[in-house]
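The values are calculated or read from the model by the stated rules, or taken from the named source; none is laboratory data. Since we're looking at a predicted model, the values are computed, not measured. Neighbour counts run over all protein chains shown; Cβ positions are idealised from the backbone, glycine included. Note: accessible area is taken over every heavy atom of the protein model, side chains too, but ligands, DNA and RNA are not part of it. Shrake-Rupley method; radii C 1.70, N 1.55, O 1.52, S 1.80 Å.
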Amino acid sequence: MIPPRREISVQFAHAAYRLAERFELRDTGISHFQTWTPEETLARLPQADVLVISGFWGDELLAAADRLRFIQVCAAGYDRFGLEALGARGIRLANGRGVNANAVSEHAMAMILAFTRQIHLGRDNQRRRHWRGMISDFAGREDELGGKTLLVYGAGTIGGRLAALAKAFGMTVIGIRRSPQAAAPPWDALHRPEALAELLPTADFVVLTCPLTPETENLIDAAAFAAMKPAAHLINVARGGCVDEGALIAALESGAIAGAGIDTVREEPLPADS
(Lines give C-alpha, C1' and ligand atoms only; values in the text may rest on other atoms or scores of the structure.)
Protein backbone atom coordinates (compact mmCIF):
# COMPACT_ATOMS: atom_id res chain seq x y z
CA MET A 1 0.00 0.00 0.00
CA ILE A 2 1.08 3.57 -0.67
CA PRO A 3 1.71 5.44 2.63
CA PRO A 4 -0.62 8.20 3.82
CA ARG A 5 -0.25 11.53 2.03
CA ARG A 6 1.68 13.13 4.90
CA GLU A 7 4.28 10.33 4.75
CA ILE A 8 4.75 9.97 0.97
CA SER A 9 8.08 10.83 -0.61
CA VAL A 10 8.07 11.47 -4.38
CA GLN A 11 11.27 11.26 -6.40
CA PHE A 12 11.43 12.97 -9.79
CA ALA A 13 14.27 11.64 -11.95
CA HIS A 14 15.06 13.20 -15.31
CA ALA A 15 18.07 14.79 -16.99
CA ALA A 16 16.14 17.77 -18.39
CA TYR A 17 12.51 17.96 -17.19
CA ARG A 18 12.21 20.32 -14.22
CA LEU A 19 9.53 18.17 -12.65
CA ALA A 20 10.04 18.99 -8.99
CA GLU A 21 10.00 22.70 -9.79
CA ARG A 22 6.61 22.37 -11.51
CA PHE A 23 5.26 20.14 -8.74
CA GLU A 24 6.26 22.69 -6.12
CA LEU A 25 3.96 25.26 -7.77
CA ARG A 26 0.98 23.02 -7.00
CA ASP A 27 1.58 23.51 -3.27
CA THR A 28 0.51 19.95 -2.39
CA GLY A 29 2.47 19.71 0.83
CA ILE A 30 3.79 16.32 -0.35
CA SER A 31 7.49 15.68 0.29
CA HIS A 32 9.45 15.45 -2.95
CA PHE A 33 12.90 15.84 -4.48
CA GLN A 34 14.58 15.66 -7.89
CA THR A 35 17.62 13.74 -9.11
CA TRP A 36 19.36 14.71 -12.33
CA THR A 37 21.70 11.80 -13.12
CA PRO A 38 21.42 7.98 -13.11
CA GLU A 39 23.97 7.81 -10.29
CA GLU A 40 22.12 10.32 -8.12
CA THR A 41 18.83 8.57 -8.88
CA LEU A 42 20.17 5.24 -7.68
CA ALA A 43 21.67 6.76 -4.54
CA ARG A 44 18.42 8.38 -3.42
CA LEU A 45 15.96 5.76 -4.65
CA PRO A 46 15.70 4.07 -1.22
CA GLN A 47 13.94 7.24 0.01
CA ALA A 48 11.13 7.12 -2.60
CA ASP A 49 7.60 5.74 -2.33
CA VAL A 50 6.67 7.18 -5.73
CA LEU A 51 9.08 7.53 -8.65
CA VAL A 52 8.49 9.73 -11.71
CA ILE A 53 11.03 8.69 -14.34
CA SER A 54 11.67 7.67 -17.96
CA GLY A 55 15.13 7.31 -19.51
CA PHE A 56 17.05 6.63 -16.29
CA TRP A 57 15.17 3.44 -15.56
CA GLY A 58 16.69 -0.04 -15.64
CA ASP A 59 15.27 -3.03 -13.75
CA GLU A 60 18.53 -3.28 -11.79
CA LEU A 61 17.28 -0.25 -9.81
CA LEU A 62 14.74 -2.50 -8.11
CA ALA A 63 17.45 -3.76 -5.78
CA ALA A 64 17.58 -0.29 -4.19
CA ALA A 65 13.83 0.40 -4.29
CA ASP A 66 12.91 -0.81 -0.81
CA ARG A 67 10.03 1.65 -0.32
CA LEU A 68 8.89 2.01 -3.92
CA ARG A 69 5.20 1.33 -4.58
CA PHE A 70 4.33 3.37 -7.68
CA ILE A 71 6.16 4.44 -10.86
CA GLN A 72 4.84 7.16 -13.14
CA VAL A 73 6.52 7.16 -16.55
CA CYS A 74 6.85 10.71 -17.88
CA ALA A 75 6.39 9.44 -21.44
CA ALA A 76 3.99 7.24 -23.38
CA GLY A 77 6.44 4.39 -23.98
CA TYR A 78 7.14 1.92 -21.17
CA ASP A 79 9.01 -0.88 -22.99
CA ARG A 80 12.12 -0.44 -20.82
CA PHE A 81 10.21 -1.48 -17.68
CA GLY A 82 10.09 -5.17 -16.76
CA LEU A 83 6.41 -5.68 -15.98
CA GLU A 84 6.90 -9.11 -14.41
CA ALA A 85 9.64 -7.83 -12.13
CA LEU A 86 7.51 -4.88 -11.04
CA GLY A 87 4.49 -7.10 -10.49
CA ALA A 88 6.50 -9.48 -8.33
CA ARG A 89 7.40 -6.53 -6.09
CA GLY A 90 3.85 -5.17 -6.00
CA ILE A 91 4.90 -1.94 -7.72
CA ARG A 92 2.28 -0.30 -9.91
CA LEU A 93 3.26 1.34 -13.20
CA ALA A 94 1.46 4.10 -15.10
CA ASN A 95 2.54 5.60 -18.41
CA GLY A 96 1.86 9.11 -19.69
CA ARG A 97 -0.23 8.35 -22.74
CA GLY A 98 -0.68 11.47 -24.84
CA VAL A 99 1.65 13.60 -22.72
CA ASN A 100 3.93 14.27 -25.71
CA ALA A 101 1.23 14.21 -28.38
CA ASN A 102 1.73 17.80 -29.48
CA ALA A 103 5.53 17.76 -29.41
CA VAL A 104 5.92 14.43 -31.21
CA SER A 105 3.25 15.00 -33.86
CA GLU A 106 4.60 18.48 -34.62
CA HIS A 107 8.13 17.10 -34.86
CA ALA A 108 6.95 14.44 -37.33
CA MET A 109 5.15 17.11 -39.36
CA ALA A 110 8.26 19.29 -39.30
CA MET A 111 10.32 16.47 -40.80
CA ILE A 112 7.67 15.84 -43.47
CA LEU A 113 7.72 19.54 -44.39
CA ALA A 114 11.52 19.65 -44.31
CA PHE A 115 11.77 16.82 -46.83
CA THR A 116 9.04 18.25 -49.05
CA ARG A 117 10.41 21.79 -49.10
CA GLN A 118 14.06 20.59 -48.90
CA ILE A 119 14.81 22.71 -45.86
CA HIS A 120 17.78 20.50 -44.96
CA LEU A 121 19.31 20.96 -48.41
CA GLY A 122 18.77 24.71 -48.24
CA ARG A 123 20.56 24.76 -44.90
CA ASP A 124 23.48 22.81 -46.38
CA ASN A 125 23.64 25.15 -49.38
CA GLN A 126 23.68 28.14 -47.05
CA ARG A 127 26.62 26.72 -45.13
CA ARG A 128 28.46 26.10 -48.41
CA ARG A 129 27.55 29.61 -49.61
CA HIS A 130 25.97 28.00 -52.66
CA TRP A 131 23.07 29.59 -54.52
CA ARG A 132 20.90 26.95 -56.16
CA GLY A 133 18.68 28.51 -58.77
CA MET A 134 15.34 27.15 -59.98
CA ILE A 135 15.52 23.73 -61.67
CA SER A 136 13.12 21.83 -63.94
CA ASP A 137 13.85 18.33 -62.60
CA PHE A 138 10.69 17.25 -60.72
CA ALA A 139 12.61 14.68 -58.68
CA GLY A 140 15.18 17.19 -57.50
CA ARG A 141 13.18 20.26 -56.64
CA GLU A 142 10.84 21.31 -53.85
CA ASP A 143 7.39 19.72 -53.79
CA GLU A 144 3.96 20.30 -52.23
CA LEU A 145 2.00 18.10 -49.82
CA GLY A 146 -1.49 18.53 -51.24
CA GLY A 147 -2.77 15.24 -52.67
CA LYS A 148 0.01 13.12 -51.17
CA THR A 149 -0.72 10.12 -48.96
CA LEU A 150 0.37 9.78 -45.34
CA LEU A 151 0.36 6.30 -43.79
CA VAL A 152 0.49 6.31 -39.97
CA TYR A 153 1.25 3.08 -38.13
CA GLY A 154 -0.15 3.73 -34.67
CA ALA A 155 -3.43 5.64 -35.00
CA GLY A 156 -3.62 6.62 -31.33
CA THR A 157 -3.32 10.02 -29.65
CA ILE A 158 -0.08 11.05 -31.36
CA GLY A 159 -1.03 9.53 -34.71
CA GLY A 160 -4.43 11.22 -34.62
CA ARG A 161 -2.94 14.63 -33.97
CA LEU A 162 -0.45 14.12 -36.80
CA ALA A 163 -3.32 13.13 -39.09
CA ALA A 164 -5.16 16.35 -38.23
CA LEU A 165 -2.06 18.40 -39.03
CA ALA A 166 -1.59 16.55 -42.33
CA LYS A 167 -5.21 17.14 -43.35
CA ALA A 168 -4.60 20.88 -43.02
CA PHE A 169 -2.04 20.48 -45.83
CA GLY A 170 -4.52 18.60 -48.04
CA MET A 171 -3.03 15.15 -47.55
CA THR A 172 -4.87 11.83 -47.61
CA VAL A 173 -4.33 10.16 -44.22
CA ILE A 174 -4.54 6.42 -43.65
CA GLY A 175 -4.14 4.92 -40.19
CA ILE A 176 -3.21 1.49 -38.91
CA ARG A 177 -4.20 0.31 -35.44
CA ARG A 178 -4.98 -2.98 -33.72
CA SER A 179 -8.69 -2.22 -33.29
CA PRO A 180 -9.83 0.02 -36.14
CA GLN A 181 -13.28 1.48 -35.90
CA ALA A 182 -15.18 3.14 -38.72
CA ALA A 183 -12.99 5.86 -40.18
CA ALA A 184 -13.87 9.33 -38.91
CA PRO A 185 -12.14 12.70 -39.32
CA PRO A 186 -9.25 13.26 -39.53
CA TRP A 187 -8.79 9.74 -40.94
CA ASP A 188 -9.68 8.91 -44.52
CA ALA A 189 -9.35 5.19 -43.74
CA LEU A 190 -8.33 2.91 -40.88
CA HIS A 191 -6.91 -0.60 -41.21
CA ARG A 192 -5.61 -3.44 -39.08
CA PRO A 193 -1.85 -4.16 -38.89
CA GLU A 194 -2.17 -7.05 -41.33
CA ALA A 195 -2.82 -4.53 -44.11
CA LEU A 196 0.59 -2.84 -43.81
CA ALA A 197 2.24 -4.67 -46.71
CA GLU A 198 -0.51 -3.76 -49.17
CA LEU A 199 -0.68 -0.14 -47.98
CA LEU A 200 3.05 0.64 -48.11
CA PRO A 201 3.16 1.05 -51.94
CA THR A 202 0.41 3.70 -51.73
CA ALA A 203 2.18 6.00 -49.27
CA ASP A 204 4.37 9.02 -49.91
CA PHE A 205 5.23 9.23 -46.21
CA VAL A 206 5.20 6.32 -43.76
CA VAL A 207 5.19 7.46 -40.12
CA LEU A 208 5.62 5.22 -37.09
CA THR A 209 3.90 6.41 -33.90
CA CYS A 210 3.44 3.00 -32.29
CA PRO A 211 4.82 1.47 -29.07
CA LEU A 212 7.64 -1.06 -29.21
CA THR A 213 6.14 -4.52 -28.69
CA PRO A 214 7.01 -8.01 -29.94
CA GLU A 215 4.63 -7.30 -32.84
CA THR A 216 6.34 -4.02 -33.83
CA GLU A 217 9.98 -5.11 -33.35
CA ASN A 218 11.66 -4.63 -36.77
CA LEU A 219 8.26 -3.74 -38.20
CA ILE A 220 9.93 -1.86 -41.05
CA ASP A 221 12.43 -4.32 -42.48
CA ALA A 222 13.96 -5.06 -45.88
CA ALA A 223 10.66 -6.36 -47.24
CA ALA A 224 8.87 -3.19 -46.11
CA PHE A 225 11.45 -0.94 -47.74
CA ALA A 226 11.18 -2.96 -50.95
CA ALA A 227 7.41 -2.37 -50.94
CA MET A 228 7.69 1.41 -50.52
CA LYS A 229 7.84 3.87 -53.40
CA PRO A 230 11.38 4.98 -54.33
CA ALA A 231 10.15 8.55 -53.78
CA ALA A 232 8.70 7.76 -50.33
CA HIS A 233 10.09 8.78 -46.95
CA LEU A 234 10.06 6.99 -43.60
CA ILE A 235 9.53 9.02 -40.42
CA ASN A 236 10.14 7.22 -37.12
CA VAL A 237 8.97 8.99 -33.94
CA ALA A 238 8.17 5.69 -32.20
CA ARG A 239 11.06 3.54 -30.95
CA GLY A 240 14.35 2.67 -32.63
CA GLY A 241 13.58 -1.04 -32.37
CA CYS A 242 10.61 -0.65 -34.70
CA VAL A 243 13.02 -0.28 -37.65
CA ASP A 244 15.65 -2.74 -38.86
CA GLU A 245 18.52 -0.26 -38.94
CA GLY A 246 20.69 -2.40 -41.21
CA ALA A 247 17.85 -2.61 -43.72
CA LEU A 248 17.29 1.14 -43.40
CA ILE A 249 20.92 1.94 -44.23
CA ALA A 250 20.79 -0.42 -47.20
CA ALA A 251 17.55 1.16 -48.45
CA LEU A 252 19.02 4.66 -48.25
CA GLU A 253 22.30 3.69 -49.91
CA SER A 254 20.54 1.87 -52.76
CA GLY A 255 17.88 4.53 -53.31
CA ALA A 256 15.05 2.12 -52.46
CA ILE A 257 13.47 5.05 -50.57
CA ALA A 258 14.10 8.78 -50.86
CA GLY A 259 14.96 9.48 -47.23
CA ALA A 260 14.25 8.91 -43.54
CA GLY A 261 13.55 11.21 -40.63
CA ILE A 262 14.77 9.43 -37.50
CA ASP A 263 13.83 10.77 -34.07
CA THR A 264 14.85 7.63 -32.16
CA VAL A 265 17.42 4.85 -32.58
CA ARG A 266 18.20 1.54 -30.90
CA GLU A 267 21.34 2.77 -29.17
CA GLU A 268 21.06 6.22 -27.62
CA PRO A 269 23.18 8.24 -27.74
CA LEU A 270 24.54 7.06 -31.07
CA PRO A 271 28.17 5.99 -31.03
CA ALA A 272 30.59 8.46 -32.62
CA ASP A 273 31.27 6.14 -35.55
CA SER A 274 27.61 5.67 -36.46
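Enumerate the helices (runs of 4 or more DSSP H) found wholly within region 68-160, keeping only those where 2 or more residues are among the charged types (D, E, K, R).
Where helices (runs of 4 or more DSSP H) fall fully within region 68-160 and carry at least 2 residues being among the charged types (D, E, K, R), they are 101-117, 119-128.
Evaluate the following for Glu253: is it loosely packed, with under 15 Cβ neighbours inside 10 Å, among the acidic types (Asp, Glu) and either more than 19 Å from the chain's Cα centre (by Cα) or modelled with pLDDT of 95 or more (or both)? Spell out how you get there, then give the answer.
Values: loosely packed, with under 15 Cβ neighbours inside 10 Å: yes; among the acidic types (Asp, Glu): yes; either more than 19 Å from the chain's Cα centre (by Cα) or modelled with pLDDT of 95 or more (or both): yes.
So Glu253 fits the description; yes.
Of the residues Thr264, Thr216, only one is assigned to a loop (DSSP other than H, G, I, E, B), under 22 Å from Leu113 (Cβ atoms) and among the hydroxyl-bearing types (Ser, Thr, Tyr); which?
From the options Thr264, Thr216, the qualifying one is Thr264.
Condition (residue is at pLDDT 95 or above and over 30 Å from Ala155 (Cβ atoms)) applied to region 94-101: is it met by at least one residue?
No, that holds for no residue.
Rundown of residues vs (1) in a loop (DSSP other than H, G, I, E, B); (2) within 24 Å of the chain's Cα centre (by Cα); (3) closer than 15 Å to Val73 by Cα, yes/no style:
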residue	(1), (2), (3)
Ile2	yes, no, no
Arg6	no, no, no
Val10	no, no, yes
Glu21	no, no, no
Asp27	yes, no, no
Glu39	no, no, no
Ala43	no, no, no
Pro46	no, no, no
Leu51	no, yes, yes
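Would you check which residues across region 5-41 are of a type in the set (Ser, Thr, Tyr), in contact with a helix residue (DSSP H, G or I) (Cβ under 6 Å, 6 or more places away or on another chain) and in contact (Cβ under 8 Å) with a residue 40 or more places away in the chain and list them?
The answer is Ser9, and nothing else.
Kindly provide the set of residues from region 133-158 that are under 26 Å from the mean Cα position of the chain (by Cα), open to solvent by 30 Å² or more (accessible area, probe 1.4 Å) and polar (S, T, N, Q), ordered by number.
Thr157
Suppose we keep only residues that are surrounded by 16 or more Cβ atoms within 10 Å (Cβ to Cβ) and touching a Lys or Arg at 6+ places or on another chain (Cβ under 7 Å) within region 80-106. Which one would you say is farthest from Leu165 (Cα to Cα)?
Looking at residues that are surrounded by 16 or more Cβ atoms within 10 Å (Cβ to Cβ) and touching a Lys or Arg at 6+ places or on another chain (Cβ under 7 Å), I get Ile91.
Output the qualifying pairs, or none if there are none: Cβ atoms under 9 angstrom, residues six or more apart or on different chains, first residue in region 223-237 and touching a residue at least 40 places away in the same chain (Cβ under 8 Å) and closer than 13 Å to Thr202 by Cβ, second residue in a loop (DSSP other than H, G, I, E, B) and open to solvent by less than 10 Å² (accessible area, probe 1.4 Å).
Partner pairs satisfying both residue conditions: Ala231/Ile257.
Collect the residues in region 159-186 that are in contact with a strand residue (DSSP E or B) (Cβ under 7 Å, 6 or more places away or on another chain), in contact (Cβ under 8 Å) with a residue 24 or more places away in the chain and open to solvent by 50 Å² or more (accessible area, probe 1.4 Å), keeping them in residue-number order.
Thr172 - this is the single residue of region 159-186 that is in contact with a strand residue (DSSP E or B) (Cβ under 7 Å, 6 or more places away or on another chain), in contact (Cβ under 8 Å) with a residue 24 or more places away in the chain and open to solvent by 50 Å² or more (accessible area, probe 1.4 Å).
Can you find a residue that is free of Cβ contacts under 8 Å to residues at least 40 places away in the same chain and among the acidic types (Asp, Glu) anywhere in region 118-137? Even if it seems obvious, please write down each step before you answer.
Going residue by residue through region 118-137, those that are free of Cβ contacts under 8 Å to residues at least 40 places away in the same chain are 118-137.
Checking the rest, the ones that are also among the acidic types (Asp, Glu) come to 124, 137.
Within region 118-137, one or more residues are free of Cβ contacts under 8 Å to residues at least 40 places away in the same chain and among the acidic types (Asp, Glu).
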